[in-house]
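Derivation of every value follows stated rules applied to the coordinates shown; laboratory data play no part. Everything numeric in this text was worked out from a predicted model, so none of it was measured. Cβ placement follows ideal geometry from the backbone for every residue including glycine, while neighbour counts extend to all protein chains displayed.
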Amino acid sequence: MVFRLLSSPEILSAQPEIILNVNMDDISKRWRKAVKYDFDRVIERRGTNCIKWDQADLFFGRNDLLPMWVADMDFESPPEVVEAIVSRAKHGIYGYTARSKAYYESIVNWLYRRHGWKIKEEWIAHAPGVVAAVHIAIMALSHPGDRVVVQTPVYYPFFKAIKETGRQLILNPLKESDGRYSMDFEDLERKVDSRTKIIILCSPHNPVGRVWRRDELSRLGEICLNRNIKIISDEIHSDLVFGNNKHIPTAMISDEVSSITLTCVAPSKTFNLAGLSSAAVISSSSELLGEYSNMMSTVGAGMSNVFGTVALETAYNNGERWLEQLLEYINGNFVYMRDFLKTNFPELRVAELEGTYLAWIDFRNTGMSVEELRSFLYEKAKVGFEDGSIFGEEGEGFMRVNLACPRAIVEEAMKRLITARKSD
């Protein structure tokens, strides 16, 4: 039952029992909608053992850079998540932790609300993180010597996952035209053979920022079905999509594609929870999920992080308003950077950011070699952008830039970049 809110004169003359007839759920919803989160606040992360700030010197060889590399955020997680973790911590006992029905329901409900993907609880398996899930899935779905395809330039831990498990790395480079990337299906069909067992799909794609369209995913799925190739779909950035772009889970393309797909998701990128080691692997195929789960057991990685389970469930149940404001803010960072560079450093080309919070900048028109570019950015500008060449040779001359940070950090990076350019 819903009742209208009373005005002040009405309250003065109203009967006490009428004053109580207020829909508190509606008030709560409106209050939450009105909350504005402060993404401008700069939070000191040095001294917390965070890789991005405290270990930048190990990656860049110096500690005086403005780090915009590792893909985590310089924002606090949603306050509801922080409160839930603090509440759980106060219990004082952090023993072995099970995953409750409510935990699984939060994943099911989130994927349906955000992406229209209807899954069942029994389709979900645990993972201590998406990178770990990729390693385990490769071992579960192939044998040493088998071939695994990646679409470069791509998230570089994929290379390690393939090589360290004794599989053969097969490159299917993306096609680039005027700063926009697409899949090269002809090249893929030429390269796959009977020993090709898996393709790792990055969706949305890290680092180029593409959100794949339905027709692209359908064509990929058709090739994989015809060639008996399984798909490991890394969808860790699926909630970070901008404008009119829409993430389509690979497994939603068709029942047939779903039957050959293991999908990896996590709240880690969405809500800045990467350090809590909680992810999920999803498949409608009991066979694929069983093989994955058996390998999880073999490597002894099935236990949950006590705080990770709390964080995942809370974020998926209560983090949507925070996420909507986050997306607006990060898009604002991207637009600011893109427009600034267009005006002040026109030799650079910035790929449109359809998904992820990682900008992909093309420095090739500057004429600098890879070494010269590193020297310019790290020694002169002192900005810790991530060298594109580590994502594959197709990334040479590019830099990946993490925009999940306060605007002041983006502004400082642009200032340093232009100051260094003028001093050349």
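Evaluating 6.51 cos²θ - 1.76 cosθ + 1.60 at θ = phi - 60° for every residue in region 94-108, the Karplus couplings come out as 10, x, 3, 10, 8, 9, 7, 4, 4, 4, 5, 5, 5, 5, 4 Hz, glycine and proline recorded as x. Of the three principal axes defined by the Cα atoms of region 143-232, the extents in descending order read 37, 28, 19 Å.
With bins 10 Å wide beginning at 0, the percent of Cα pairs of region 279-404 falling in each bin runs 10, 27, 22, 23, 15, 1.
Per-residue Cβ neighbour counts within 10 Å put HIS247, HIS143, HIS115, HIS237 in the sequence HIS143, HIS115, HIS247, HIS237, beginning with the fewest. Karplus-derived 3J(HN,Hα) values for region 310-316, using 6.51 cos²θ - 1.76 cosθ + 1.60 with θ = phi - 60°, are 4, 5, 4, 4, 5, 4, 5 Hz; glycine and proline are entered as x. Region 266-338 and region 352-411 have Cα centres lying 26 Å from one another. Three principal axis extents describe the C-alpha atoms of region 350-424; from largest down they are 32, 31, 17 Å. Its alpha carbons considered, region 93-317 gives a radius of gyration followed by a Dmax of 16.7, 56 Å. So for region 93-317, taking the charge dipole from beta-carbon charges (+1 Lys/Arg, -1 Asp/Glu), which of CYS224, LEU262, SER277 sits furthest toward the positive end? Highest projection toward the positive end goes to SER277. Each residue in SER218, SER177 was given a count of other beta-carbon atoms within 10 angstrom of its own, and listing them fewest first yields SER177, SER218. Under the simplified labelling scheme, the ARG407-THR97 pair shows an inter-label distance of 3.6 nm, with each label point 7 Å from Cα along Cα→Cβ.
With the convex hull of its Cα atoms as the shape, the chain has an orientation-averaged projected area of 25.0 nm².
Can you give me the relative contact order of the chain as a percent, contacts being Cα pairs under 8 Å and 6 or more apart? Relative contact order comes out at 22 percent. Other residues within the sphere of radius under 15 Å centred on the Cβ of VAL130, judged by their own Cβ, net out at -2 (K and R +1, D and E -1). For the listed residue pairs LYS36/LYS160; LYS52/LYS191; LYS52/LYS160, the alpha carbons are over 32 angstrom apart in LYS36/LYS160; LYS52/LYS191.
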